[in-house]
Amino acid sequence: MDPTTDNAGQTGAPGDPRAALEALRAEIAKAVVGQDPAVTGLVVALLCRGHVLLEGVPGVAKTLLVRALAAALELDTKRVQFTPDLMPSDVTGSLVYDARTAEFSFQPGPVFTNLLLADEINRTPPKTQSSLLEAMEERQVTVDGTPRALPDPFLVAATQNPVEYEGTYPLPEAQLDRFLLKLTVPLPSRQDEIDVLTRHAAGFNPRDLRAAGVRPVANAAELEAARAAVAKTTVSPEIAAYVVDVCRATRESPSLTLGVSPRGATALLSTARAWAWLTGRDYVIPDDVKALALPTLRHRVQLRPEAEMEGVTADSVITAILAHVPVPR
């Protein structure tokens, strides 16, 4: 089951939160061509109050994707280019001395936004990477002992390049686990790439989304209503057990040194509920779990070096587990 091609969803009546979020796909498609799985993943993350790690080579519209999502939701967005000399205060903000008042005042950093694009997050040292941990987990930033709440909704969309490793600082498991989903943003198909060039030849400017026709189709109130509806989606004991069995199987896989933690099992249940609701159901079925298993779990497992040398990938291990774990009837 592919969460981008399933047509079982119900569009609902005008003003319905589900209809508004479904409309995001069509709206973002005005700016981004051929990245439906990533669009779906971002919508699921918003519904689950989670964060997203986007992995893809430069030039596949990762930044444009986040900007288009923010424009279609009428949300504030900021971008931080992570570099080796970036300091934690450059992300969170800091106390600044005001000579006129002889007092220190807090100047918020770019993390105080709705959608934060953390570009090339693995190019900055662990100290700066960790400055995002509190923001991602607690939805707040503590400076000089004072906690400051972040806006709601708040989503971190971090990008990393899968082909350049020199001068990078791989994200530790503890931080990877804070991302709800890891989405791969592949190179487009030949036809999609032709469509991209055709749009640019017709005058498309990726820096001017309004001129491209991207308009707000959902707001924060509809998003909150959608989250409340997702929270009411029924999960049977059999489905909960199925999620646990899938995650426990990763801990027993001979190809892995690290399996999925209970936090990962909770994440998979959460994303499956969001997908079930998006497709028009108020209950979760096994196909919902299978549809979100790869993006939810692929970054929560660690391959053995010998398995990696043999060409085994995290995706192939999880796919094999899904094929072997008994599915509830």
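Look at the range 84-110: where a residue is at negative phi and a partner is open to solvent by 80 Å² or more (accessible area, probe 1.4 Å) and part of a loop (DSSP other than H, G, I, E, B), sitting 6+ places away or on another chain with Cβ atoms under 9 Å, you get Pro84/Tyr169; Ser94/Met87; Ser94/Asp144; Leu95/Asp144; Phe104/Asp144; Phe106/Asp144. Please work out if Leu47 is under 30 Å from Ala201 (Cα atoms), part of a helix (DSSP H, G or I) and modelled with pLDDT of 90 or more. For Leu47, the condition - under 30 Å from Ala201 (Cα atoms), part of a helix (DSSP H, G or I) and modelled with pLDDT of 90 or more - is not met. Say we look at the range 265-302 and pick out the residues that are among the small types (Gly, Ala, Ser) and touching a residue at least 60 places away in the same chain (Cβ under 8 Å); which of these is nearest to Leu47 (Cα to Cα)? Only one residue tops the list, namely Ala274. Checking the range 296-303 against the condition returns a match, with at least one residue being in contact with a Ser or Thr (Cβ under 9 Å, 6 or more places away or on another chain) and open to solvent by 70 Å² or more (accessible area, probe 1.4 Å).
Of everything listed in (1) touching a residue at least 40 places away in the same chain (Cβ under 8 Å); (2) open to solvent by 70 Å² or more (accessible area, probe 1.4 Å), the single unmet condition for Leu197 is (1).
Residues being without any contact (Cβ under 8 Å) to a residue 24 or more places away in the chain and not in a helix (DSSP H, G or I) are entirely absent from the range 178-186.
Scanning the range 201-211 turns up one or more residues that are surrounded by fewer than 18 Cβ atoms within 10 Å (Cβ to Cβ) and assigned to a helix (DSSP H, G or I). Within the range 145-153, none of the residues are surrounded by 20 or more Cβ atoms within 10 Å (Cβ to Cβ) and small (Gly, Ala, Ser). Residues of the range 162-170 include at least one that is surrounded by 13 or more Cβ atoms within 10 Å (Cβ to Cβ) and either touching a residue at least 40 places away in the same chain (Cβ under 8 Å) or in contact with a strand residue (DSSP E or B) (Cβ under 6 Å, 6 or more places away or on another chain) (or both). Just name the residue that is most open to solvent (accessible area, probe 1.4 Å) out of those in the range 72-95 that are closer than 18 Å to Asn205 by Cβ and at pLDDT 90 or above. My answer is Arg79.
One residue alone among Phe112, Phe104, Phe179 is within 26 Å of Trp275 (Cβ to Cβ) and either open to solvent by 60 Å² or more (accessible area, probe 1.4 Å) or modelled with pLDDT of 90 or more (or both), and that residue is Phe179.
Of all residue pairs spaced 6 or more apart or on separate chains, those with beta-carbon atoms under 7 Å, a first member in the range 11-22 that is open to solvent by 50 Å² or more (accessible area, probe 1.4 Å) and a second member that is modelled with pLDDT of 85 or more and among the charged types (D, E, K, R) are Thr11/Glu22.
The values are calculated or read from the model by the stated rules, or taken from the named source; none is laboratory data. Fair warning: this is a prediction, and the values are worked out from it, not measured in the lab. Quick reminder, even Gly has a Cβ in these numbers, built from the backbone with ideal geometry, and neighbours come from all protein chains shown. Heavy atoms of the whole protein, side chains included, go into the accessibility calculation; ligands, DNA and RNA do not. Shrake-Rupley method; radii C 1.70, N 1.55, O 1.52, S 1.80 Å.
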